[in-house]
Amino acid sequence: MSKTIAFLFVLALAPAVALAQTPATEPAPPAASSDAFAKGTLGLAFPVTLLSNVESVAGGGEAVQTIDFIYFLDPKSALDIIVGLNLHKEQVLNNAIPPVAEDKTLLGFALGLGYRMYRKPHGPVMMYIEPAAILTWEDTSNSALVDIALLAQLGVERMLVDWLSVSGAIGVGVDFTNEFKDIQLATTASLAVNLYWR
């Protein structure tokens, strides 16, 4: 009987002894940020419109939506080229009595440049600081609708898979409009989906 108990005891301990003798595996290193962050990498950033960014433009202009072209100078810095175009042909009523419909074409554009400086990555998450300047002209027929914005933003970018990420940024900006008669200091916020390639 004692031999049977000893045999069952040894049989029960065998898996634990085998596990104890198995060499411990090294923990996996944290995921690298991405191969995308290297000199010569190109990218497209598609901004997601936030409720706070939706505003009516006084004077008959229309907001110009933008996309960003990213070009990496090295793994820690990139140029952010901001472009946008709005071409709108419509029929409007004039002030005649009775009102008469007439065709109107509105042309607006945006052009800007930012310099994105990345900090050392923490796994798939990178932080960056970006100063930028953007010129927006909602309606080229009205010089009062020229808008110049100077921004400074702090952002976070998270790689989802290789060459695809999401980013968000907050900051502050100074806005000059109406031929520099209107000056506004305000906070800014943005979200974007980023696609990279080389």
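So, of the residues in segment 80-134 that are part of a strand (DSSP E or B) and at pLDDT below 85, which turns out to be farthest from residue 189 (Cα to Cα)?
That would be 93.
Among the residues of segment 154-198, which ones are within 17 Å of residue 135 (Cα to Cα) and assigned to a strand (DSSP E or B)?
If the condition is that a residue be within 17 Å of residue 135 (Cα to Cα) and assigned to a strand (DSSP E or B), then 172, 173, 174, 175, 176, 177, 182, 183, 184, 185, 186, 188 are the ones that fit.
Among the numbered criteria (1) in contact with a strand residue (DSSP E or B) (Cβ under 7 Å, 6 or more places away or on another chain); (2) free of Cβ contacts under 8 Å to residues at least 40 places away in the same chain, which single criterion is violated by residue 163?
Every listed condition holds for residue 163 apart from (2).
Given the structure, is residue 114 surrounded by 14 or more Cβ atoms within 10 Å (Cβ to Cβ) and either out of contact with any His (no Cβ under 8 Å at 6 or more places or on another chain) or within 21 Å of residue 66 (Cβ to Cβ) (or both)? Show your work before the answer.
Details: surrounded by 14 or more Cβ atoms within 10 Å (Cβ to Cβ): yes; either out of contact with any His (no Cβ under 8 Å at 6 or more places or on another chain) or within 21 Å of residue 66 (Cβ to Cβ) (or both): yes.
It is true that residue 114 is surrounded by 14 or more Cβ atoms within 10 Å (Cβ to Cβ) and either out of contact with any His (no Cβ under 8 Å at 6 or more places or on another chain) or within 21 Å of residue 66 (Cβ to Cβ) (or both).
Any residue that is of a type in the set (Phe, Trp, Tyr), modelled with pLDDT of 95 or more and touching a Lys or Arg at 6+ places or on another chain (Cβ under 8 Å) - is there at least one of those in segment 177-196?
The answer is no, given that none of the residues of segment 177-196 is of a type in the set (Phe, Trp, Tyr), modelled with pLDDT of 95 or more and touching a Lys or Arg at 6+ places or on another chain (Cβ under 8 Å).
Given the conditions (1) surrounded by fewer than 15 Cβ atoms within 10 Å (Cβ to Cβ); (2) touching a residue at least 12 places away in the same chain (Cβ under 8 Å), which single one is not true for residue 130?
(1)
Return the residues of segment 185-198 that are surrounded by 13 or more Cβ atoms within 10 Å (Cβ to Cβ) and aromatic (Phe, Trp, Tyr); say none if nothing qualifies.
If the condition is that a residue be surrounded by 13 or more Cβ atoms within 10 Å (Cβ to Cβ) and aromatic (Phe, Trp, Tyr), then 196 is the only one that fits.
Please work out which residue is surrounded by the most Cβ atoms within 10 Å (Cβ to Cβ), limiting yourself to segment 151-184 and to residues that are under 11 Å from the mean Cα position of the chain (by Cα) and hydroxyl-bearing (Ser, Thr, Tyr).
Across segment 151-184, the extreme among qualifying residues is 165.
Residue 46: modelled with pLDDT of 90 or more, hydrophobic (A, V, I, L, M, F, W, C) and within 25 Å of residue 168 (Cα to Cα), yes or no?
Judged against the criteria, residue 46 is a match.
The values are calculated or read from the model by the stated rules, or taken from the named source; none is laboratory data. Fair warning: this is a prediction, and the values are worked out from it, not measured in the lab. Glycine gets a Cβ as well: all are built from the backbone with ideal geometry, and neighbour counts include every protein chain shown.
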